[in-house]
Each structure stands twice: as structure tokens, then as C-alpha cells.
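J.: Pasting in a structure now, in C-alpha cells, and then I'll have a few things to ask.
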Amino acid sequence: MQIAAISCQKNDDTNDTKETMVPVKTDYIGTVTVTYQEQDYDNPDILVIYDPSQDGKTVSITLKKIKFVPQMPVTIDVTIPDVTTSSKDGKTVLTCDEEDPISMGGPMSRYKVTGFGGEIQGDNLSFSLNFGSYPTRFSGIEVKQ
């Protein structure tokens, strides 16, 4: 498991203070909640991997070993690619209007991600989205050793 953090640095070239978010792969552990048939189904202790692109403008978010609903016979890994990142008020803001999640070797268009919104503030990552017609949310904390 890789451990990382987001750091900020002061730009000394001007009198303005600018925060530069350095993209770093980070692991989070928390609960994924899926609304299924008008009931919430909690998946506790889910590992979520935040994996930024080289330029830090996008990130892939992977949910590891998740069983979204009780009827699922197995756990799977699901990646949400191309989530846009930006910095605002000392936090990282995450957005994605629409994207096919990737699982089991390819895109899963049937469960298209829509309305993804989230943030990283301090050691906490939270986001919500729809997988197809299933509202889903995550709240977790950075894994530290």
C-alpha cells in the first residue's frame, strides 16, 4: 500500500500567497454507501486509491474490493478515470460530469458515472456520484503508517 500526502508551497516570486497542489497518489479508507431499492447499503472499510495524473489536473479514483449491493456474488475493483481536480480555499475539489467506470478489464457503460462531486480537506476524502441509477457516496480518511 502506498502512502502519500498533498502538500502546499508558498510562491516567493510575488507578494501574493499561492497554493500549489502537488499531485500525489494517496490511499483512503472509509465507507461507501449505495442507495439500492430506496435503502442505503453500507460498505465499511473500503480502500479508495486516489491516483493523480502527472500534471495533477485529473485523477483516477479506484474503489477496491467492493460489493455494491447484498445481491452481488463477488467483490470487484472499480476505477473512475478522468476526474477533474482543482484547488479552492485550501482544499482539492473533484468533479466529473459523466464517465464510464472501468472494472473487470473494460468500461462498464451500464453503470455510467454521473454527477461526481467531492473534495479533499486535510486528511479527509469525500465524494458522491451516481453509478447508473444508483446514488453512491464515500467518506474516508487518509491511510497513514
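J.: Using the Cβ atoms and a cut-off under 12 Å, what net charge is assigned to the surroundings of residue 36, where Lys and Arg are +1 and Asp and Glu are -1?
T.: So the environment of residue 36 carries a net charge of -2.
J.: Once phi is turned into ³J(HN,Hα) by the Karplus curve 6.51 cos²θ - 1.76 cosθ + 1.60 with θ = phi - 60°, what whole-Hz value does each residue of the range 112-126 show in order, with x for glycine and proline?
T.: 3, 7, 9, x, 6, x, x, 7, 10, 9, x, 9, 9, 10, 9
J.: Could you tell me how many cubic angstrom of Cα convex hull volume the range 2-142 has per residue?
T.: Hull volume normalised by residue count: 112 Å³.
J.: Next up: Between the range 34-75 and the range 103-145, what is the separation of their alpha carbon centroids in Å?
T.: Rounded to whole Å, the Cα centres lie 6 Å apart.
J.: Then there's this: In Å and on Cα atoms, what radius of gyration and Dmax does the range 87-145 show?
T.: 13.2, 37
No lab work stands behind these numbers, since they all come straight from the coordinates. Just so we're clear, the structure is a prediction, and the values are computed from it rather than from any experiment. Don't worry about glycine lacking a Cβ; one is built from the backbone with ideal geometry, like all the others, and counts go over all protein chains shown.
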